[in-house]
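Readers should treat all values here as calculations from the given coordinates under stated rules, not as data from a laboratory. Quantities reported herein were computed from a predicted structural model and do not represent experimental measurements. Using ideal geometry, Cβ is built from the backbone for each residue, glycine included, and neighbour counts are taken over all protein chains shown.
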Amino acid sequence: MAEPLKNQYGPEIPARIAAMIAAVHPSFATELFLVDALDGYDDLSLTQRGWAIARALHRHLPDPYPEAVEILLGSLGPKIESVEGAGMAPFVYLPHVFFVAEYGLGDFETSMRAQYELTQRFTAEFSIRPFLRQHPEATLARLTTWTQDPSHHVRRLVSEGSRPRLPWAPRLTHFQRDPAPVLALLERLKDDPSLYVRRSVANNLNDIGKDHPDLLAATARRWLVEASPERQWLVHHALRSAIKRGEVGALAALGAGQQADVVVERVTIDPAVPHIGGGVTITFDLVSSAVQPQDLLVDLKIHFVKKSGRTTPKVFKIKRLNLAPGGRASLRKTVALTAMSTRQHYPGRHEVEAVVNGRSYPIGAFNLRD
């Protein structure tokens, strides 16, 4: 089983933050701060630890919010070019963004400046959201300006912070109801030169599609007109959840909206009795019964057994292909059955389906054992 992330966010984190602050603010009461921040620390989750440190900072930094922010900003390390490969290191600034979110809503300009700096070292996606709720017009105006910022971290904050369903964060329900202001931001970023930003745009559009599938499909069709390869990738990534749900509009946007006319043959599931910690390989052929070529999106759906004995389906992408009349395509997918932070495995019968243009074709099952 994967180690909990909070184990990588131990008592050394508040100690490091205290040392950074003391270096620029020598009167900081380091020992009192650490006693305060670490009270009950072992029992807290990762985000709870971040909040505990943020609230301890509030109790031990100078009371005027702008003065406290100046100290925090003065204590920051250098800006980073990329978070990839950085592991948990940037999370040292998690309490800083929580501090802004909790105590900065009454001082818009100071908080915007703080988030501008923090997002270039970690991310400010968690702290920008309270401002989108409480100061929507001013915050959207600032984010619009930031779509043209030289820093790809700042541009990514625009799209990531405005996601209606951002993981680990409360939803932006007003944008779930009306995503038009968010789409206006994404329009400005859809051809951003940074893949880091474009991936965030795709994730935001994917979020929007969960509440507004027709709007997602219409946006995808519009963005695909004379699209560059980079924008095509963005749209395909944005449609991934809708494709897995078999939504006709999303499938049609990719040219696979018509029901497939195929037969599934030569299915093999190897091994038929896999063990937890191993893997299973599923192969099958698709044979066209149509008189015209077909654009096909092919996925694999496995109904994983849960601890309760119930099953939950998970869809794995396989391939997009064009199948000629009477043509045959051989397809293969290997699925790991090892424990993951997002999925645990339990013994039992796992039904398997091929999914072609949103239509499911039951193709067998495997019996998972300990």
### Query
Scaled to the compact-protein estimate 2.2 N^0.38 Å, what is the alpha-carbon radius of gyration of region 262-368, rounded to two decimal places?
1.13
### Query
How far, in degrees from 0 to 90, does helix 65-74 lean away from the longest principal axis of the Cα atoms of the chain, to the nearest 10?
70
### Asp214-Ser27 FRET efficiency (beta carbon distance; Förster radius 51 Å; 0.05 resolution)
0.30
### Query
Which whole-Hz ³J(HN,Hα) couplings does region 192-200 yield from phi under the Karplus relation 6.51 cos²θ - 1.76 cosθ + 1.60, θ = phi - 60°, glycine and proline marked x?
4, x, 9, 4, 3, 6, 4, 4, 5
### Task
Please work out how many pairs of lysine residues in the chain are eight or more positions apart (or on different chains) and have Cα atoms closer than 21 angstrom.
19
### Summary
The answer for Leu254, listing residues at least 5 apart or on another chain whose modeled amide H is closer than 5 Å to its amide H, is none
### Query
Put a dot 7 Å past each Cα toward the Cβ at Leu195 and Leu105; how far apart are the dots in nm?
3.9
### Query
Gain in length, Ala141 to Thr311, computed as 0.36 nm per residue apart minus the alpha-carbon separation, to one decimal in nm?
56.7 nm
### Summary
Summing -39500 (n - 2.57) over every DSSP H run of at least 4 in the chain, dividing by its residue total and rounding to the nearest 500, the 222 nm mean residue ellipticity is -13000 deg cm²/dmol
### Query
About its Cα centre, how strong a charge dipole does the chain have in debye, to the nearest 20, once Lys and Arg get +1 and Asp and Glu get -1 at the Cβ?
1380
### Query
Can you give the angle from 0 to 90° between the axis of helix 46-60 and the longest principal axis of the chain, with both taken from C-alpha atoms, to the nearest 10?
10
#### Entry: GNM flexibility winner over the chain from Pro62, Pro179, Pro90 (Cα, springs under 10 Å)
Pro62
### Among Arg328, Arg231, Arg165, residue whose mean-square fluctuation peaks in a GNM of the chain (springs only between Cα atoms under 10 Å)
Arg328
### Task
Once you've got the GNM for the chain with C-alpha springs shorter than 10 Å, pick whichever of Asp192, Asp36, Asp207 has the biggest mean-square fluctuation.
Asp36
### Query
What percent does the relative contact order of the chain come to when contacts are Cα pairs within less than 8 Å and at least six residues apart?
10
### Message
Suppose we keep just the alpha-carbon trace of the chain; what are its Rg and Dmax in angstrom?
### Response
24.5, 81
### Message
Under the rule of at least 5 residues apart or a separate chain, name every residue whose amide H is placed under 5 Å from the amide H of Ala124.
### Response
Thr119
